[in-house]
Amino acid sequence: MSIDDATTAVSEKLAGREDMIVCVDVDKFYGDFQALKRVTATIKEGEVAVVCGPSGSGKSTWIRCINRLEVHQGGDIVVDGIELTNDLRNIERIRSEVGMVFQQFNLFPHLTVLDNITLAPIWVRKKPRAEAESMARALLERVGIPEQAEKFPGQLSGGQQQRVAIARSLAMEPRVMLFDEPTSALDPEMIKEVLDVMKELALSGMTMMVVTHEMGFAREVADRIMFMEGGEIVEVGTPEHFFTNPTEDRTKLFLSQIL
Amino acid sequence: MATNSPPSIDHSRPPLYRDVTVVKWVVQIAALALTLGALWFLADQAGDNLRASNVPTDYDFLSVNPGIDLSSGIDTDPDTGGRALWVGMVNTLRMAVAGIFVATILGVIVGLARLSNNWLLQKIGTVFVETLRNVPLLVQILFYGAVFASLDRVTKDVGPINGWLHLSNKGLSLPRVHIADGFYQWLIVMCIGIFIANEFRKRRIRQQDATGEESYPLLSAFAVLTFVAAVGWFIHPIFGFVGEIFGALSSFVSGIPQTVLQIAIGVLCVGSSALWIRSFLNSRRTPAGLARLTDDDYFRMIFAAVGGILGAIFFLILWPGLSSWMINSLSDLFNVLSNKFGDGRTGRPIDVDLPNIVQTGKFPNYGPSGLNFSIGFAAVFFGVVFYTAAFIAEIVRGGILAVPKGQSEAAAALGLKRATALRRVIIPQAARVMLPPLGNQYLNLTKNTSLAIAVGYSDIVQVGQTVYNQTGKTLPVVSIWMLFYLSCSLSISVIVNFFNVRMRIVER
């Protein structure tokens, strides 16, 4: 089957890498509605996986299950060797190893940019304030806005806010980054500045799982694209396979609508 | 540069009736004149009518013995009408402060209970809120009054009470903790202790910032303070010498000549307005020099100058007695303070008296050695506390729900524990939403204490009504009520606004 071919192609590129996120038969229900149907996927260390699909297809639900913002009801999720169960200690360990960037940024409006970034390192990692602050400034440098450190989120543009949100996640030195439609709430001219930061992050070897409609980004950066519909993973493949030679009719329909 | 402007621009001034600046000034002055005129007219009319109908408007009753007994307060048999009203004010303030304190705690607990995932807690919270806020406060106060009145009577055994507290239809009597001989000397030890503890707290915070280890700054500062308080309990007599300092200050102040102080007050008035104008001009100064002042800026500066000069005239000419009053009262204050120290004040700083029962009149009652709460106090207290707590619970619930769900999700995704997320992320944002309506509830609570008249608790309204029934001075008493409630409400507003400004979120 072609899905297997595509998976094999990716596996060769990432051969010998550790498994970072393993999902096996994950089910999720909202009442009677089944949002995720036996979702199974493995994401390797250093891999950039893009998840796309029409709205309501379960991509956000899936990514939110991985750090337990949503609770999955069936199947197993293992992140970096830690199984996600009802054990609070496991949940906390996974959350401090997995960074997440939201569509609506969700910066803390009552704290300055610097305090937003240092909050978790100080209160979760118990870092000295001076060390946390110098790291925060280095991260702001990395995302290209070192001069905004003392401002409040409300004083920044959408693109700048999203870059602060990325820096805030990176401050926890995560092993995996999850992006839940990071550019969907942005004006077109700001999308590029956020995507550039994400590309730089991908090239640096970060394991990333990205829910997005930015097909240019997917084509350029992704190691693998997963197409979801109706709570299922319909098609998996390299960007080359996905854009030039999709096998499933639903994938073809989706691509014809957005490209 | 003028040559660059297009020829069509007309630099001539418009006629006066179309000039924005002129119109603005004229309207301002006209409005001021109209307001003052209307007030003067109303006051004049009211004065004429009152004189014609013989309604008394004087305040003589304040210094006359009203011949009334009060049910509770710092002085149940006041010498003058003024003293009686003062006792009423203290009772109202006690009720308001205690009520605000307890209602806030109870309200926060109930509000959080309504948000909890625990079914039972949630339902209890809902029943509490829906019952209490839908029954009129007056009915609730009467209900509590009736319940407490059905308690046992005080037994006829006069003397100390066997035990720590006594409950009867006269109220509740508890051991009274009060200031004793060594208190003021001990207070100095405590001031030093607070300073040390604060320094200690700052050091622990610096330590926490440097190493990242949790150092519990508040808790350890509190431990230091407790230690100092305990040591001070025994060593406080060493501060007996402070009395002599206050004595010297007292004689120094009484030696200041009146004219010197008089002139100083005048200079202070004019000088402070001049300083204000200078700092105002500085604040309008841009890096490029003095910015253009608007009309409003001129208004402010003129008002400040006129205010300063009028103040100086007022204190120098119309109220020359102020300086001698200030000198005398300051000297008296230092005298009183000097008497609180030294002279064998080696006893305990704080003492406790147990309640007792005495019989001065026909019926036995609680004596002054215990801390007594009358039935009236309890009825009003429970009434306003439960009633206001129901509303505060809704405010707390609304405030927390008003923080977007994304905030707690972002905090969770960063690995913050639920308690840390609440303290650092959710509550600071919820407080911003909660403060203004919370201030309203505090104002309501303070004003609602006037329902005390229904159960005979001696608050300012009940005392005032008794006073004007005895003296017939209705209008003066009402004016005192209004002034009192106005100053209470304004004080609460100022405090709430202070926190409101501090919580503001910066945008743009």
Anything losing 40 Å² or more of accessible area from the isolated chain to the full protein assembly: pick those residues out of segment A:155-171, probe 1.4 Å, ligands and DNA/RNA ignored. A:Gln155
Compactness of segment B:56-212, expressed as Rg and Dmax over alpha-carbon positions, Å: 24.0, 73
Can you work out ³J(HN,Hα) from phi for every residue in segment B:286-291, in order, using Karplus 6.51 cos²θ - 1.76 cosθ + 1.60 and θ = phi - 60°, giving whole Hz and x for Gly and Pro? 9, x, 7, x, 6, 6
Using a loss threshold of 40 Å², tell me which positions in segment B:191-240 are less accessible in the complex than in their chain alone. Probe radius 1.4 Å, ligands and nucleic acids ignored. B:Asp209, B:Gly212
Whole-Hz ³J(HN,Hα) for each residue in segment A:204-209, computed from phi via Karplus 6.51 cos²θ - 1.76 cosθ + 1.60 with θ = phi - 60°, x for glycine and proline: what do you get? 6, x, 6, 6, 10, 10
Summing -39500 (n - 2.57) over every DSSP H run of at least 4 residues in chain B and dividing by its residue count gives a helix-only mean residue ellipticity at 222 nm, to the nearest 500 deg cm²/dmol, of -22000 deg cm²/dmol
Of B:Gly342, B:Thr211, B:Phe200, which is farthest along the charge dipole of segment B:176-353 in the positive direction, counting Lys and Arg as +1 and Asp and Glu as -1 at C-beta? B:Thr211
Gained length - B:Thr346 relative to B:Ile235, 0.36 nm times residue gap less alpha-carbon distance: 39.1 nm
Using the Cα gyration tensor of chain B, with a ≥ b ≥ c the square roots of its eigenvalues, what is the shape: rounded (a/c below 1.5), prolate (a/b larger than b/c) or oblate (neither)? rounded
Candidate lysines - alpha carbon under 23 Å from B:Lys447, same-chain residues fewer than 8 apart omitted: B:Lys473
Going by accessible area, probe 1.4 Å, with all protein chains left in place, what is the ranking of B:Trp119, B:Trp25, largest first? B:Trp119, B:Trp25
Projected onto the charge dipole of chain A (unit charges on the beta-carbon of Lys, Arg, Asp and Glu, signs +1, +1, -1, -1), the Cα from A:Ala130, A:Thr61, A:Pro239 with the largest positive-side position is that of A:Ala130
Given a cut-off of under 8 Å on Cα pairs at least six residues apart, what relative contact order in percent is computed for segment B:176-353? 45
Given segment A:160-228, report the % of alpha carbon pairs whose separation exceeds 15 Å. 50
Using only the alpha-carbon atoms, what does the protein assembly as shown span along each of its principal axes? Please give whole angstrom values in decreasing order. 105, 93, 58
Rolling a 1.4 angstrom probe over the protein chains, ignoring ligands and nucleic acids, what is the accessible area of A:Thr61 in square angstrom, nearest 10? 20
If you count only protein heavy atoms with a 1.4 Å probe, what accessible area per residue comes out for chain B, rounded to a whole Å²? 60
For A:Met20, distant residues with modelled amide H under 5 Å away: A:Ile43, A:Lys44, A:Glu45
For segment B:176-353, projected area of the alpha-carbon convex hull averaged over all directions, nm²: 18.4
For B:Lys362, list the lysines whose Cα falls under 30 Å from its own Cα; do not include residues on the same chain fewer than 8 positions away. B:Lys156, B:Lys170
The percentage of the accessible area of segment A:107-166 (probe 1.4 Å, all protein chains present) made up of carbon and sulfur atoms, to the nearest whole number, is 51
Divide the volume of the convex hull of the Cα atoms of segment B:303-379 by its number of residues and quote the answer in cubic angstrom per residue. 290
For B:Gln207 and B:Ser272, calculate 0.36 nm times their separation in residues minus their Cα-Cα distance, and state this gained length in nm to one decimal. 19.1 nm
With a point put 7 Å past each Cα toward its Cβ, work out how far B:Asp332 is from A:Arg93 in nm, to one decimal. 7.3
Give me the summed buried accessible area for the A-B pair, 1.4 Å probe, to the nearest 100 Å². 2400
Give me the accessible area of A:Thr85, 1.4 Å probe, in Å² rounded to the nearest 10. 50
From the phi angles alone, apply the Karplus equation (6.51, -1.76, 1.60; θ = phi - 60°) to segment B:217-222 and give each ³J(HN,Hα) in whole Hz, x where the residue is Gly or Pro. x, 5, 5, 6, 4, 5
Under 5 Å from the placed amide H of A:Lys37, counting only residues 5+ away or on other chains, we find A:Glu232
So what's the gap between the Cα centers of segment A:43-107 and segment B:287-345, to the nearest angstrom? 65
Mind checking the log10 I(q)/I(0) for segment B:417-508 at q = 0.15 Å⁻¹? Debye, one equal scatterer per Cα, no solvent, two decimals. -0.72
Over segment A:98-158, what relative contact order in percent results from Cα pairs under 8 Å that are six or more residues apart? 43
Roll a 1.4 angstrom probe over the protein heavy atoms and tell me the percent of accessible area of segment B:176-353 that is carbon or sulfur. 69
Give me the net charge of B:Ser369's neighbourhood, meaning all other residues with Cβ under 13 Å from the Cβ of B:Ser369; Lys, Arg count +1, Asp, Glu -1. -1
Using Cα positions and a limit of under 28 Å, work out the lysines in reach of A:Lys44, with same-chain residues fewer than 8 apart set aside. A:Lys13, A:Lys28, A:Lys59, A:Lys192, A:Lys199, A:Lys252
List every residue whose amide H lies under 5 Å from the amide H of A:Val51, counting only residues 5 or more places away in sequence or on a different chain, with H placed 1.01 Å from N in the peptide plane. A:Val210, A:Val211, A:Thr212, A:Met226
With label points built 7 Å along Cα→Cβ from the Cα atoms of B:Ile263 and B:Trp325, find their separation and express it in nm. 2.4
Give me the angle, in degrees from 0 to 90, between the Cα long axis of helix A:188-203 and the longest principal axis of the Cα atoms of chain A, rounded to the nearest 10. 80
What percent do you get for the relative contact order of chain B when only Cα pairs under 8 Å and 6+ apart count? 26
Return the carbon/sulfur percentage of the accessible area of segment B:408-508, one whole number, probe 1.4 Å, all protein chains in place. 60
Pairwise label distance in nanometres, B:Arg292 with A:Gln73, each label 7 Å out on the Cα-Cβ vector: 6.9
Hull volume per residue for segment B:1-76, using the convex hull of the C-alpha atoms, in Å³ is 261
Report, to the nearest 10°, how far helix A:2-13 tilts away from the longest principal axis of the Cα atoms in chain A, using its own Cα long axis and a range of 0 to 90°. 40
Tell me the angle of helix A:249-258 to the major Cα principal axis of chain A, expressed in degrees between 0 and 90 and rounded to the nearest ten. 40
If you roll a 1.4 Å probe over the heavy atoms of the protein chains, what accessible area per residue do you get for segment A:115-177, in Å²? 36
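The values are calculated or read from the model by the stated rules, or taken from the named source; none is laboratory data. No experiment lies behind these values; they were computed from the predicted model shown. Neighbour counts are summed over all protein chains in view; Cβ atoms, including those assigned to glycine, are modelled from backbone coordinates with ideal geometry. Note: accessible area is taken over every heavy atom of the protein model, side chains too, but ligands, DNA and RNA are not part of it. Shrake-Rupley method; radii C 1.70, N 1.55, O 1.52, S 1.80 Å.
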